[in-house]
Amino acid sequence: MSDQVVLVDESKIAPLTESAGERNTRRAFLAAAGAAGLLYTAALAYPIYRYLASPEEMALSATAITEVTLKDAQKLPLGSVLMFRFGPAPAMLIHHADGRWVGLSAVCTHLGCTVQYESQADRIHCACHGGVYNAYTGANVSGPPPKPLTLYKVAVNDTGVQVSRA
Amino acid sequence: MTTKTIPAAPKTAAGAVYDWVDERLGLSELAAFARHKKVPVHSQSFWYYWGGISLFLFLVQCFTGVLLLVYYRPGVEAYESVRQITFVMHFGWLIRSAHAWSANLMIFAIMVHMFSVYFMKAYRKPRELGWLSGMALLGIASVFGFSGYLLPMDELSYFATKVGLEIPNAIPVIGPIVASMLRGGPEVSEFTVQRFFALHVVVLPALFLPLLGFHLWLVQRYGNAVPPSEEAKPNWERKSIPFMPNFLRKDLAMWLISLNVLALLASVFPWALGKQADSLVPAPPGIHPEWYFMSPFEMLKLLGNVLPGESGEIAGILLFTLGIGLWVLIPFYDIKRESGQRARAAHYFGLLAIFALLATTVIGYWTIR
C-alpha cells in the first residue's frame with residue numbers, strides 16, 4: 001500500500017514543478033512580450049516627442065548662426081543702443097558716447113531677463129533683480145549675476161554693422 | 001483572492017500607502033464591486049465591445065486634440081497654422097491624420113454601438129436614460145465633427161460649413177438668426193472659425209464629458225443588457241464572465257486592435273490639406289459632405305426633386321425631426337418584455353433606418369460627379 005501511495009504522489013507532483021526548460025521558455029516569452037511592449041510604446045512616444053520638440057529644433061538651427069549683419073546700423077547715434085536678435089536670443093549693439101562700438105548678449109546671466117543699457121550711467125542694468133554689468137566688457141559688476149554677458153565681435157562699415165561670435 | 005485578505009498584514013511600504021489611500025477613498029469597496037461585476041456571454045457578446053471602442057477613440061481624440069492645440073491658431077491664421085502643423089512640425093501630419101481618422105472611426109463605432117443596442121432592445125426599462133444620454137452623445141459627437149471640419153479653413157471645410165449651415169437656415173422663422181449666430185456674420189469667415197473653435201474645444205467637451213460620465217455610470221449601475229433571445233433562457237443556461245480581469249482584458253485587446261487600425265489608416269492614408277479657402281474661387285468639382293452627413297444630405301436632395309423649393313426643405317426638416325424623434329423615443333413605446341407586435345414594429349423600423357441610411361449614402365456617393 002505504502003509503495004502505491006508514493007507512486008501516486010510522484011505523478012501528482014511531477015506536473016506541478018516546472019522543469020528548468022519550461023521556466024526558461026516562460027522567462028523568454030515574458031522578456032519578448034516586455035520588449036515588444038516597450039518598442040510599441042516607444043513607437044508611439046517618439047513621434048509625439050519630435051512633434052512637441054519641433055520649435056526647440058528650429059531654435060537650435062537658429063543658434064548655429066555665428067554672424068548677424070545689421071543693415072544701416074552704422075547710423076546709430078552716439079550714446080544709444082540697438083536691440084536685435086542674435087539667432088533666437090536678444091542681443092544689443094551699443095554705440096558709446098566716446099564712439100566705441102560694443103556688441104553684447106542682452107540675456108541676464110542670473111535668471112534670463114532682457115537687460116537694459118542706461119546711457120547716463122553708461123552701464124547695463126537688469127530690472128528683474130538689480131544686476132549691473134559693465135557696458136564695455138559685459139563684466140558682472142554688482143547684484144546677483146554670476147557671469148559676464150557674452151561679448152561679440154563688431155565690425156562697422158558703410159552699409160551696416162556685422163556682429164559675430166568672438 | 002478573498003475579501004478577507006485585504007486588511008491583513010500589509011507591512012510593506014506599498015501596503016501602507018494602499019491602506020492610507022484606502023482609508024480615505026474606500027478603494028477596497030471599489031475593488032469588491034469590480035470583483036462582483038459580471039459580463040454575460042452569448043452569441044451576440046461581440047457587440048459589447050463597441051461602446052468601449054467608442055470610449056477609447058474619444059480618449060484618442062482628447063489626446064491628439066490637445067497635441068494639435070499646441071500649434072493651432074484659430075482666426076485669420078487658421079489655415080497657415082494647420083499648414084505649419086502638417087508640413088513643418090515633425091510628425092504633425094501624423095497627429096493631425098490620427099485626429100481626423102479617429103474622429104471618423106469614433107462616429108462609426110458609436111453608430112455600431114447604437115444599432116447593436118437598438119436591436120438587442122437594450123433601451124428597455126431600466127435603461128431608458130442610457131439610450132437617451134447615448135443619443136445626446138451621438139448628437140454632440142456630430143457637432144464635434146461639423147465644427148472640427150471647418151478648423152483647417154481649407155476649400156473643402158469652407159464649402160462644407162457654408163452648405164451645412166443652410167440646414168439650420170431652413171428652419172422656419174428662427175432659422176436665419178440661428179445660422180448667422182453660428183456663422184458670426186453673413187459669410188463664413190475668420191469669425192466663424194474662431195467661434196467654431198471655442199465650440200469645438202471648450203463648449204462641446206464641457207457638455208460631452210459630464211454626459212459621458214453619466215452614461216458610463218448607468219452602465220455600471222445596470223450592467224450589460226442581454227438580447228431577448230438570451231433573456232428567454234432560464235438562469236442556469238445563461239453564461240457570464242467576471243469583468244475583472246477577464247472582460248477587461250478582452251476590452252483592452254480591442255482597444256489595442258483599434259489603436260493599430262487607427263495607426264495604420266493615419267499613416268498609410270494621411271489626411272489631406274486642400275488649398276486655402278477663398279470665397280472667390282468656385283467650389284471644386286466632386287465636393288461632398290463627410291460620409292456621416294451623406295445620408296441626410298442625399299435625402300434632402302431626393303426630397304427636393306419631388307417637392308422643389310422651400311416646401312421641399314421644410315418637408316425634409318419635418319421628416320428628419322419626425323424620424324429622429326421616433327428613434328430617440330423608442331424606449332417609451334417599445335416597452336413590453338414579450339416580443340409582441342410593437343417589438344416587431346420597432347425591429348422593422350430599425351431595419352428600415354439602416355436600409356435608408358445605407359441606400360441614401362450609396363446613392364450619394366454614386367451620384368458624385
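Read the figures in this text as sums done on the coordinates, not as results from a lab. Here the structure is a predicted model, which is why all the values come from computation and not from measurement. Virtual Cβ from ideal backbone geometry, glycine too; neighbours counted across all protein chains shown.
Given B:LYS121/B:LYS301; B:LYS233/B:LYS336; A:LYS71/B:LYS275; B:LYS125/B:LYS301; B:LYS121/B:LYS250; A:LYS75/A:LYS147, which pairs have Cα atoms separated by over 28 Å? Present the calculation step by step, with values, prior to reporting the outcome.
Values: B:LYS121/B:LYS301 32 Å; B:LYS233/B:LYS336 17 Å; A:LYS71/B:LYS275 37 Å; B:LYS125/B:LYS301 38 Å; B:LYS121/B:LYS250 24 Å; A:LYS75/A:LYS147 31 Å.
In this structure, B:LYS121/B:LYS301; A:LYS71/B:LYS275; B:LYS125/B:LYS301; A:LYS75/A:LYS147 exceed 28 Å between Cα atoms.
Once amide H atoms are placed 1.01 Å from N in the peptide plane, what residues at a sequence separation of 5 or more from A:SER80, or on another chain, have their amide H within under 5 Å of its amide H?
The list, which skips near neighbours in sequence, is A:HIS95.
Just going by the charge dipole of the protein assembly as shown, with Lys and Arg at +1 and Asp and Glu at -1 on Cβ, which of B:LEU138, B:TRP271, B:HIS36 is farthest out on the positive end?
B:HIS36
Based on a Kirkwood Rh over C-alpha pairs, give the Stokes-Einstein translational diffusion coefficient of chain B at 10 °C and viscosity 1.306 mPa s in µm²/s.
Details: Rh = 23.4 Å.
This corresponds to a translational diffusion coefficient of 68 µm²/s.
Under 10 °C and 1.306 mPa s, how fast does the protein assembly as shown diffuse according to Stokes-Einstein, given a Kirkwood radius computed over C-alpha pairs? Answer in µm²/s, whole number. List each step's numbers first, then the result.
Working: Rh = 29.9 Å.
For these conditions, the coefficient is 53 µm²/s.
Using modelled amide H (1.01 Å from N, peptide plane; none on Pro or chain starts), what sits under 5 Å from the amide H of B:ILE241, excluding residues fewer than 5 places away?
B:VAL39, B:VAL41
Please compute the net charge surrounding B:LYS121, taking Lys and Arg as +1 and Asp and Glu as -1 over other residues with Cβ under 14 Å from its Cβ.
Values: positive: B:ARG124, B:LYS125, B:ARG127, B:LYS336, B:ARG337, B:ARG342, B:ARG344; negative: B:GLU128, B:GLU230, B:GLU231, B:ASP334, B:GLU338.
Around B:LYS121, the surrounding residues sum to +2.
Spelling out what I want: for every residue of the stretch B:44-53, take phi, set θ = phi - 60°, compute 6.51 cos²θ - 1.76 cosθ + 1.60 (Karplus), and round to whole Hz; glycine and proline get x.
Each residue of the stretch B:44-53 in turn: 9, 4, 3, 5, 5, 7, 6, x, x, 5 Hz.
Can you tell me the Rg and the Dmax, both Å, for the Cα atoms in the stretch A:120-165?
13.1, 39
With contacts defined as alpha carbon pairs under 8 Å and 6 or more residues apart, what's the relative contact order of the stretch B:288-369 in percent?
46
What does the charge count near B:THR192 come to, summing +1 for each Lys or Arg and -1 for each Asp or Glu among other residues with Cβ under 11 Å from its Cβ? Display every interim value, and only then the final one.
Working: positive: B:LYS162, B:ARG183, B:ARG195; negative: B:GLU187, B:GLU190.
Here the count lands on +1.
Could you work out the mean projected area of the convex hull around the alpha carbons of the stretch B:194-285, in square nanometres to one decimal? Show your work: numbers first, answer last.
Values: hull surface 47.0 nm².
Mean shadow area of the hull around the Cα atoms is 11.8 nm².
Report the residue, chosen from B:PRO152, B:PRO308, B:PRO176, that carries the largest GNM mean-square fluctuation when chain B is represented by alpha-carbon nodes joined by springs under 10 Å.
Ranking B:PRO152, B:PRO308, B:PRO176 by mean-square fluctuation puts B:PRO308 first.
Mind checking which of B:ILE110, B:PHE46, B:TYR348 is farthest towards the positive end of chain B's charge dipole, using Cβ charges of +1 (Lys, Arg) and -1 (Asp, Glu) about the Cα centre?
B:PHE46
Which Cα, out of B:LEU55, B:PHE159, A:ILE48, lies furthest along the positive dipole direction of the protein assembly as shown (beta carbon charges, K/R +1, D/E -1)?
Positive-most Cα among the choices belongs to B:LEU55.
For A:GLY34, what charge total do you get from the other residues with a beta carbon under 15 Å from its beta carbon, if Lys and Arg give +1 and Asp and Glu give -1? It would help to have the intermediate numbers written out before the result.
Numbers: positive: A:ARG26, A:ARG27; negative: none.
Net charge around A:GLY34: +2.
Would you work out if the stretch B:288-369 is rounded, prolate or oblate? Take a ≥ b ≥ c from the square roots of the eigenvalues of the alpha-carbon gyration tensor; rounded if a/c is under 1.5, else prolate when a/b is larger than b/c, oblate otherwise.
Cα axes put the stretch B:288-369 in the prolate bin.
Starting at the first residue of the stretch B:354-360, write each ³J(HN,Hα) from the Karplus equation 6.51 cos²θ - 1.76 cosθ + 1.60 with θ = phi - 60°, in whole Hz, x for Gly and Pro.
So the Karplus estimates, Gly and Pro as x, are 4, 4, 4, 4, 5, 4, 5 Hz.
Sorting A:ARG100, B:ARG35, B:ARG124 on the 10 Å Cβ count, fewest up front, what's the list? Write out the running numbers ahead of the final one.
Working: A:ARG100 12, B:ARG35 15, B:ARG124 20.
Sorted ascending by nearby Cβ count, the order is A:ARG100, B:ARG35, B:ARG124.
Taking the Cα centre of chain B as origin, work out the dipole magnitude from +1 charges on Lys and Arg Cβ and -1 charges on Asp and Glu Cβ, in debye rounded to 20.
On the way: 29 positive and 23 negative charges, 287 e Å.
Charge dipole of chain B: 1380 debye, to the nearest 20.
As a footprinting exposure proxy, order A:ASP122, B:ASP278 by other Cβ within 10 Å, with the fewest listed first. Please report the intermediate quantities before stating the final value.
Details: A:ASP122 15, B:ASP278 10.
Ranking A:ASP122, B:ASP278 by Cβ neighbours within 10 Å, fewest first, gives B:ASP278, A:ASP122.
Longest exposed-loop-site-free stretch of chain B, with GluC sites (Glu not before Pro), DSSP loop and at most 15 other Cβ within 10 Å? Write out the running numbers ahead of the final one.
Values: sites that count: B:GLU187, B:GLU338.
Value returned for the longest uninterrupted segment is B:1-186.
Once you place label points 7 Å from the Cα toward the Cβ at B:ALA315 and B:ALA32, how far apart are they in nm?
Label-label distance for B:ALA315 and B:ALA32, simple model: 6.3 nm.
State to the nearest 20 debye the size of the charge dipole of chain A about its Cα centre, where the only charges are +1 on K and R beta carbons and -1 on D and E beta carbons. Don't jump to the answer; show the numbers that get you there.
Values: 13 positive and 13 negative charges, 114 e Å.
The dipole of chain A has a size of about 540 debye.
For chain A, with a Gaussian network of springs between Cα atoms less than 10 Å apart, report the residue from A:GLY37, A:GLY112, A:GLY131 with the top mean-square fluctuation.
In the Gaussian network model the winner is A:GLY37.
Strictly greater than 23 Å: what percent of every Cα pair in chain A meets that?
Numbers: 8303 of 13695 pairs.
Here the tail beyond 23 Å accounts for 61 percent of pairs.
Using the crude model of +1 on Lys and Arg Cβ and -1 on Asp and Glu Cβ, and no other charge, please compute the dipole size for the stretch A:67-165 relative to its Cα centre, in debye to 20.
Details: 8 positive and 6 negative charges, 44 e Å.
About 200 debye.
Springs between alpha-carbon pairs under 10 angstrom, Gaussian network model over chain A: which of A:ALA35, A:ALA135, A:ALA155 fluctuates most?
Comparing A:ALA35, A:ALA135, A:ALA155 in a Gaussian network model of chain A, the most mobile one is A:ALA35.
Around A:GLY131, which amide H atoms from residues at least 5 apart in sequence, or from another chain, sit under 5 Å from its own amide H, with H modelled in the peptide plane?
Amide H to amide H, under 5 Å and 5 or more residues apart or across chains, A:GLY131 pairs with A:CYS126.
So how far, in whole Å, is the C-alpha centre of the stretch B:148-221 from the one of the stretch A:29-61?
If you average the Cα positions of each part, the centres end up 35 Å apart.
With θ taken as phi - 60° and the coefficients 6.51, -1.76 and 1.60, list the Karplus ³J(HN,Hα) couplings across the stretch A:48-65 in order, rounded to whole Hz; mark glycine and proline as x.
5, 4, 4, 4, 6, 8, 3, x, 4, 5, 5, 5, 4, 5, 6, 5, 5, 4
What's the FRET efficiency of B:LYS250 with A:TYR136 using the Cβ-Cβ distance as r and R₀ = 51 Å, to the nearest 0.05?
Numbers: r = 74 Å, r/R0 = 1.45.
In this case the efficiency is close to 0.10.
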